[in-house]
1. Could you please tell me which pairs satisfy a Cβ distance under 9 Å, a separation of 6+ or placement on different chains, a first residue in segment 30-44 that is within 21 Å of Met1 (Cβ to Cβ) and in contact (Cβ under 8 Å) with a residue 24 or more places away in the chain, and a second residue that is within 15 Å of ligand 2 (Cβ to nearest atom) and among the charged types (D, E, K, R)?
2. Scan (1) closer than 21 Å to Ser39 by Cβ; (2) modelled with pLDDT under 95; (3) of a type in the set (A, V, I, L, M) for the single condition Ala123 breaks and write down its number.
3. Just the residues that are within 16 Å of ligand 2 (Cβ to nearest atom), under 13 Å from the mean Cα position of the chain (by Cα) and not aliphatic (A, V, I, L, M), please, taken from segment 103-139.
4. Could you identify the single residue in Ser152, Ser113 that is small (Gly, Ala, Ser), more than 15 Å from ligand 1 (Cβ to nearest atom) and not in a helix (DSSP H, G or I)?
5. Among the residues of segment 63-101, count how many are touching a residue at least 60 places away in the same chain (Cβ under 8 Å) and farther than 15 Å from Ser128 by Cα.
6. Out of curiosity, is Cys48 over 16 Å from the mean Cα position of the chain (by Cα), part of a loop (DSSP other than H, G, I, E, B), crowded, with 18+ Cβ neighbours inside 10 Å and not small (Gly, Ala, Ser)?
7. Which residues, counting only those in segment 69-115, are hydrophobic (A, V, I, L, M, F, W, C), surrounded by fewer than 16 Cβ atoms within 10 Å (Cβ to Cβ) and in contact with a helix residue (DSSP H, G or I) (Cβ under 7 Å, 6 or more places away or on another chain)?
Amino acid sequence: MEYNKHINILAETLFKLLSEALCLQPDHLSSMGCNKGCSIVSHYYPPCPEPELTLGLRKHADAGIMALLLQNHVTGLQVLHDDQWFDVHPARGGLVVNIGDLLQILSNDKFKSVKHRVTANRAGPRISVACFFSGHADMLEEPFATIKELISETNPPRYKEFVLKEYIDKVLSSPIDSKPAIDYYKL
Ligand SMILES: O=C(O)CCC(=O)C(=O)O
Ligand SMILES: [Fe+2]
C-alpha cells in the first residue's frame, strides 16, 4: 500500500533523528528493528449528541515504540501535560508523532511516552489512522532492555530486562484502565 510505503520511509528518518538525539549512531534504533512491525489501525468516531458524558478514546500511552497518526479536520485528540489536557489541532498534511512506552524504556526515560485521549464531539465524524511501530518480529523472543550505551554509573537503568513477547501478552490481556505494562518493569 502506497501510504504504508511512505510511512515506513518517514519512520526510518525519524528513527535516525531519535538515535542522534540519544547520541547514538544514526542507524542504531533501526538496526535493532525499531522501524519494523508497523500495524495500521483506523478509528472512526461518530458525531456524539452528548460529548460531555463520554470520551472517544480513554486516557492511555501507546504501548509500542512509536506511533504516527493522521487525523481528519475534526479536533478531538488531547495530550496530557503538567496535569492539563491540551488539544492537538489537526494540521493539514501534518502527522502526529507519539513516543510509546517501549521507546521510553529503550531510552531510559530520556524520551517520555505521552498520555493522550480523544474527546467525543458534536461535530464529526472524526477519523484517524494510526501506524504503530512495535519492532521486528525477531525482537519478540529476545531480552528487551534499555540501550546499554545509555546506561552509566550516573544514569543507572530504570527498568528490568524482560522478554518482549511477555510484555505484549500483558498489554493485550490487561483489562481497560488496569496498570500499564511498563509499570511492571520499573526499578
Ligand atoms: O484517534 C486518535 O487520534 C488517537 C488514536 C490513539 O491514540 C490510538 O489508537 O492509540
Ligand atoms: Fe494512542
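1. Listed by first residue and then by second, the contacts come to His43/Arg126; Tyr44/Arg126.
2. Tallying (1) closer than 21 Å to Ser39 by Cβ; (2) modelled with pLDDT under 95; (3) of a type in the set (A, V, I, L, M), Ala123 fails exactly one: (1).
3. Of everything in segment 103-139, those that are within 16 Å of ligand 2 (Cβ to nearest atom), under 13 Å from the mean Cα position of the chain (by Cα) and not aliphatic (A, V, I, L, M) turn out to be Gln104, Phe111, Lys112, Ser113, Lys115, His116, Arg117, Cys131, Phe132, Phe133, Ser134.
4. Ser152 is the lone residue from the list that is small (Gly, Ala, Ser), more than 15 Å from ligand 1 (Cβ to nearest atom) and not in a helix (DSSP H, G or I).
5. Residues that pass the stated criteria total 5.
6. Working: over 16 Å from the mean Cα position of the chain (by Cα): yes; part of a loop (DSSP other than H, G, I, E, B): yes; crowded, with 18+ Cβ neighbours inside 10 Å: yes; not small (Gly, Ala, Ser): yes.
Criteria met by Cys48.
7. Val97
Yes/no matrix, rows are residues, columns are (1) away from ligand 2 (no atom under 11 Å from the Cβ); (2) more than 28 Å from Val163 (Cα to Cα); (3) in a loop (DSSP other than H, G, I, E, B):
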| position | (1), (2), (3) |
| --- | --- |
| Lys36 | yes, no, yes |
| Ser39 | yes, no, no |
| His73 | yes, yes, yes |
| Phe86 | yes, yes, no |
| Ala91 | yes, yes, yes |
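The values are calculated or read from the model by the stated rules, or taken from the named source; none is laboratory data. The shown structure was predicted, so the numbers you read here are calculated from the model rather than taken from an experiment. Every residue, glycine among them, receives a Cβ derived from its backbone with ideal geometry; neighbour counts consider all protein chains shown.
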